[in-house]
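Written below as structure tokens is the structure these notes are about.
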Amino acid sequence: MSIRPILLHPDPRLRKKAEPVDQVDLSVKSLIEDMLATMYDAPGVGLAAPQIGVLSRVFVMDAAGKDEAPAPKVFINPQITWKSAEMNTHQEGCLSIPEQFDDVTRPASVTLAYLDGDGSACEETFEGLAATCVQHEIDHLDGKLFIDYLGPVKRQMITAKMKKLKRERAKEKAETKNA
Ligand code: GNR
Ligand code: NI
């Protein structure tokens, strides 16, 4: 089990469509272990495989509250089979776009068909933060980021900030190596 580096926007791997998983084998189970460890370490409410550079249709989520027991959930090949007409606006953030938050409006409730970590077929309806999160994660599997829902000015501002952050991180890394 290992904590993997999370890719930061802009990165071409965050813009690709991920491929379906054809078999929930040991390599997929190992990927899931790494994704859960990486999500809890970050910490985040969810993490999609493309965020660690793996272009497979897998995401993990734990939407339990602070005072609740951990509730790790695994989603393989998720598909939205129903969306509520009712919409909900939630402030979103993303581990690939650190420290940037903005409101996104999405269906308030969605039903997903997916395989769980054992490869069993499941169908489940989500609401509240979990509904927002599963839609945010499925977007990652399609190369989409929450900033794509914002206007072009906000999106470009955030992208410019991220480019600067990435330059600073690269510089710090070079300095520690040369120290
Ligand atoms: O940790 C996360 N919190 C969050 C808050 C509101 C809406 C979506 C999310 S997902 C995010 C982790 C992440 O980037 N997942 O891809
Ligand atoms: Ni994200």
Starting with the highest mean, order 28-34, 91-97 by the number of other Cβ atoms within 10 Å, averaged over the residues of each peptide. 91-97, 28-34
Once amide H atoms are placed 1.01 Å from N in the peptide plane, what residues at a sequence separation of 5 or more from Ser56, or on another chain, have their amide H within under 5 Å of its amide H? Glu19
When every protein chain stays in place and a 1.4 Å probe is rolled, Thr176, Thr81 sorted by accessible area with the largest first are Thr176, Thr81
By the C-alpha gyration tensor axes a ≥ b ≥ c (rounded if a/c is under 1.5, else prolate when a/b exceeds b/c, else oblate), the shape of the chain is oblate
If you project the alpha carbons of the range 107-179 onto their three principal axes, what span does each projection cover, largest first, in Å? 52, 35, 20
Run the accessible area of the chain with a 1.4 Å probe and give the carbon-and-sulfur part as a rounded percent. 52
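Compute the Cα gyration tensor for the range 1-87, then decide on rounded, prolate or oblate, letting a ≥ b ≥ c be the square roots of its eigenvalues: rounded whenever a/c is under 1.5, prolate when a/b is larger than b/c in the other cases, and oblate in all that remain.
Since a/c stays below 1.5, the shape of the range 1-87 is classed as rounded.
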Students often check this: by mean Cβ neighbours within 10 Å, which of 118-124, 129-135 ranks highest, and how do the rest follow? 129-135, 118-124
Extended-chain gain in nm, criterion 0.36 nm per residue less alpha-carbon gap, Ala160 and Asp103: 18.6 nm
Solvent-accessible area per residue, Å², over the range 68-142 with all protein chains present [probe radius 1.4 Å]: 48
For the range 66-79, in order, what is each residue's ³J(HN,Hα) by Karplus, 6.51 cos²θ - 1.76 cosθ + 1.60 with θ = phi - 60°, in whole Hz (x at glycine and Pro)? 4, 8, 9, 5, x, 9, x, 10, 10, 10, 10, 6, x, 9
Under Karplus coefficients 6.51, -1.76 and 1.60, residue-wise ³J(HN,Hα) of the range 21-37 in Hz, glycine/proline x: 7, 9, 8, 7, 9, 4, 5, 5, 5, 5, 4, 4, 4, 5, 5, 5, 4
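The values are calculated or read from the model by the stated rules, or taken from the named source; none is laboratory data. Nothing here was measured: the structure is a model prediction, and the numbers come from that model. Positions of Cβ are generated from backbone atoms using ideal geometry, with glycine treated the same way; all protein chains shown enter the neighbour counts. When the accessible area is computed, the model is the full protein with side chains, heavy atoms only, and any ligands, DNA or RNA have been set aside. Shrake-Rupley method; radii C 1.70, N 1.55, O 1.52, S 1.80 Å.
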